[in-house]
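The structure appears below as structure tokens.
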Amino acid sequence: MMASSSHFSLADCHIVDLPKISDPRGNLTFVEGGRHIQFAIQRAYYLYDVPGGAMRGGHAHKALHQLIIAMSGSFDVLLDDGSQRKRFHMNRSYYGLYVCPMIWRELDNFSSGAVCLVLASEMYDESDYFREYAAFLDALRENLP
Ligand code: TYD
């Protein structure tokens, strides 16, 4: 069962092992709703042509669930729930990183040619963002029991 929105933590974020159909013609991976992700996909977006040394993300979402996949190349995802931080190195097309709401994330260390696909539970909505780390921490504190 998913935690209520005020009680998400880093422990709810995890790597999803996606199916890999190996084939001499090239490998194939798929993502199925209800099996590999527990949210309905409303939006997909992708980052590409990221210059060396650039950082993406740098925000948290109030309600958005996401699955992050390195479609090509590699990059790092730093997750932070306000009390703990964890860095994931994404370098396989058959691993997804599930990120629950109320997690600060930063993406960096992009390799040349890296493509980062994000499957998201909602349409783009700027009001769902915390773009300032201090505001994110304030919101976590306000939601403490
Ligand atoms: P931003 O969230 O800052 O990108 P990232 O977190 O990957 O670094 O978004 C950059 C710009 O793109 C910002 O103006 C909002 C816009 N945008 C959309 O219009 N739709 C989307 O689905 C996303 C993710 C961003």
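The values are calculated or read from the model by the stated rules, or taken from the named source; none is laboratory data. Model, not experiment: these values are computed from the prediction. Virtual Cβ from ideal backbone geometry, glycine too; neighbours counted across all protein chains shown. Remember, those area values only see protein heavy atoms, side chains included, never the ligands or the DNA or RNA. Shrake-Rupley method; radii C 1.70, N 1.55, O 1.52, S 1.80 Å.
When Asp17, Asp12, Asp125, Asp76 are compared by accessible area of protein heavy atoms, the largest-first order is Asp17, Asp125, Asp12, Asp76, using a 1.4 Å probe. Of all DSSP bridge pairs formed entirely within the chain, close to 95 percent run antiparallel. Taking a ≥ b ≥ c as the square roots of the Cα gyration tensor eigenvalues, region 1-97 comes out oblate, since a/c reaches at least 1.5 and a/b does not exceed b/c. The portion of the accessible surface of the chain made up by carbon and sulfur, rounded to a whole percent, is 50 (1.4 Å probe; DNA, RNA and ligands excluded).
Computed from backbone phi, the HN-Hα couplings of region 128-142 come to 8, 8, 9, 9, 10, 4, 5, 5, 4, 5, 4, 5, 4, 5, 5 Hz, rounded to whole numbers (Karplus: 6.51 cos²θ - 1.76 cosθ + 1.60, θ = phi - 60°; Gly and Pro given as x). Distances between placed amide hydrogens fall under 5 Å for His59 paired with Arg105, all partners being 5 or more residues away or on another chain. In the context of the full set of protein chains, residues of region 50-145 present 48 Å² of accessible surface per residue (probe radius 1.4 Å, heavy atoms only). Largest accessible area first, the residues His65, His7 order themselves as His7, His65 under a 1.4 Å probe with ligands, DNA and RNA left out.
Restricting the calculation to Cα atoms, region 45-140 shows an Rg/Rh of 0.95 when the hydrodynamic-style radius is the Kirkwood one. Of the residues Phe30, Phe136, Phe130, the one with the largest accessible area comes first in the ranking Phe30, Phe130, Phe136, computed with a 1.4 Å probe on protein heavy atoms. Selection among Asn27, Gly58, Ala40 by position relative to the dipole of the chain gives Asn27 as farthest towards the positive end (Cβ unit charges, Cα centre).
In the chain, the DSSP-assigned H stretches of four residues or longer account for a calculated mean residue ellipticity at 222 nm of -2000 deg cm²/dmol, using -39500 (n - 2.57) per stretch and the full residue count as denominator. When the alpha carbon gyration tensor of region 59-111 is reduced to an equivalent ellipsoid, its three semi-axes come out at 19, 12, 8 angstrom, largest first.
A probe of 1.4 angstrom, applied to the heavy atoms of all protein chains, finds Tyr45 with accessible area near 70 square angstrom.
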